[in-house]
Each structure stands twice: as C-alpha cells, then as structure tokens.
Amino acid sequence: MTHELIDDIVRQRIRSLRLSLGWTLDTLATRCFLSPSTLSRIETGHRRIALDQLIPIAGALGTTIDQLVEPEGDDDVVIRPEPETSAGSTIWLLSRNRDRRGVTIAKMRITPERETADQQVHPGYEWFTVLSGVLTLRLGERTILVREGQAAEFSTMTPHALDANDGPVDLLTIFDHDGERAHLPGHRNARPTSRP
C-alpha cells in the first residue's frame with residue numbers, strides 16, 4: 001500500500017471520527033493543540049501529516065496511532081480456509097486458530113467412504129448443525145439421525161461418533177479445546193472407547 005493511500009485513509013478516519021463526535025475543526029483543534037487551519041489542511045490533503053501532529057490528534061479522538069494508520073483490506077475480516085482432507089472427511093477451519101471465545105469453528109464434510117469411526121470420549125460439549133445430507137450420530141447405545149437444518153448438542157463424556165448416512169454430509173461445528181484435540185487433524189489424541 002502506498003504512502004499516499006495510507007495518508008488518504010488516515011485523513012478520512014480523522015475527519016470521520018471528528019464528525020461522529022459532532023466536533024467542529026475548532027473543537028478538535030483546541031483538544032489537540034493545533035490550529036483549525038492546520039487540521040483543515042490535514043483533512044483535505046493540503047498538508048502532510050507529521051507524527052508529532054498525529055499523536056495529539058489520535059489522543060483527542062480517543063483512538064491510537066495504530067488504529068488510524070492500520071491499512072484497509074479484508075484479511076483481518078475474511079477467512080480463506082484451506083481444506084484438510086483425510087480418507088472420507090474434509091475439514092475447513094472457519095476461525096483463526098482458537099478465537100477469542102476459546103473455541104474453534106469448522107465446516108466438516110463426511111462421506112460414506114470414511115471408515116466407521118470409533119466412539120470417543122473427552123471432556124466438554126459438542127455442538128453442530130447439519131448443512132446438507134443426513135448424519136448418523138452414535139451416542140452411547142443410541143443411534144440418532146440428524147437431518148439438514150437440525151442441530152445437536154451433547155456431553156462428550158458420552159461415547160460418540162459421527163458418520164455419513166447414505167451420502168455426503170456437511171456440518172458446521174464448534175469445538176472447545178478438548179473437542180479440537182479430539183477431532184481436528186494434528187490434534188487427534190482423544191481417548192477412543194469402544195461401544196459398551
């Protein structure tokens with residue numbers, strides 16, 4: 001990103017923040033100890049923004065220099081997941097590692113080609129919704145069909161396994177730390193158990 005483009009973004013942010021606070025140039029000038037004409041020239045691009053001016057402007061607007069000069073783009077918003085495929089299943093991570101809530105969000109596709117999974121037990125809860133297809137949820141002694149548009153939530157201390165039923169199934173799932181270790185590639189160290 002060029003310096004001119006960054007300067008334009010910073011100017012726009014200063015003006016937008018000032019206007020959102022309902023301040024005139026005079027009000028902001030008083031708060032950051034600059035003249036109204038200097039601020040006007042900064043906002044309109046008729047004067048380069050110097051660091052010694054940016055510091056008091058950011059402080060007066062209740063923001064930081066980092067926030068004012070942060071480049072625009074979509075990489076901080078848009079996640080471009082890469083599929084991780086193993087025999088009969090694919091996982092797309094839809095959150096950046098474990099997000100600030102301590103969970104990992106993923107899309108999973110399970111196909112009938114996947115070997116029937118052993119039931120697993122691990123601390124926590126599991127939640128998923130079926131986006132397409134029909135999922136066979138083996139939960140202890142029970143076998144439950146979860147259909148498109150339905151969701152399931154259960155304690156993962158109950159032995160459980162997920163399998164495709166008569167075709168591919170797509171899920172949106174949320175894992176806590178223990179679920180992440182049990183179900184995501186590179187984290188598979190849960191304790192499988194056989195069905196009682």
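Reported count of residues in the stretch 140-157, each being closer than 16 Å to ALA117 by Cα and part of a strand (DSSP E or B), is 4. Only residues that are more than 23 Å from the chain's Cα centre (by Cα) and modelled with pLDDT under 90 were counted across the stretch 122-157, and they come to 4. Residues in the stretch 13-33 that are in a helix (DSSP H, G or I) and at positive phi: none. Sub-7 Å Cβ pairs linking a first residue in the stretch 15-44 that is surrounded by 14 or more Cβ atoms within 10 Å (Cβ to Cβ) to a second residue that is hydrophobic (A, V, I, L, M, F, W, C) and modelled with pLDDT under 90, at least 6 apart or interchain, are ILE42/ILE49, ordered by first then second residue. Could you list all residues from the stretch 127-139 that are surrounded by 15 or more Cβ atoms within 10 Å (Cβ to Cβ), part of a strand (DSSP E or B) and not hydrophobic (A, V, I, L, M, F, W, C)? If the condition is that a residue be surrounded by 15 or more Cβ atoms within 10 Å (Cβ to Cβ), part of a strand (DSSP E or B) and not hydrophobic (A, V, I, L, M, F, W, C), then THR129, THR136, ARG138 are the ones that fit. Selection over the stretch 127-153 of residues that are under 16 Å from THR111 (Cβ atoms), touching a Leu at 6+ places or on another chain (Cβ under 8 Å) and of a type outside the set (A, V, I, L, M, F, W, C) gives a count of 2. Within the stretch 158-177, can one find any residue that is among the β-branched types (Val, Ile, Thr), modelled with pLDDT of 90 or more, farther than 26 Å from ARG80 by Cβ and assigned to a loop (DSSP other than H, G, I, E, B)? Yes, the stretch 158-177 contains at least one residue that is among the β-branched types (Val, Ile, Thr), modelled with pLDDT of 90 or more, farther than 26 Å from ARG80 by Cβ and assigned to a loop (DSSP other than H, G, I, E, B).
The values are calculated or read from the model by the stated rules, or taken from the named source; none is laboratory data. Remember, predicted model here, so these are calculated numbers, not experimental data. Virtual Cβ from ideal backbone geometry, glycine too; neighbours counted across all protein chains shown.
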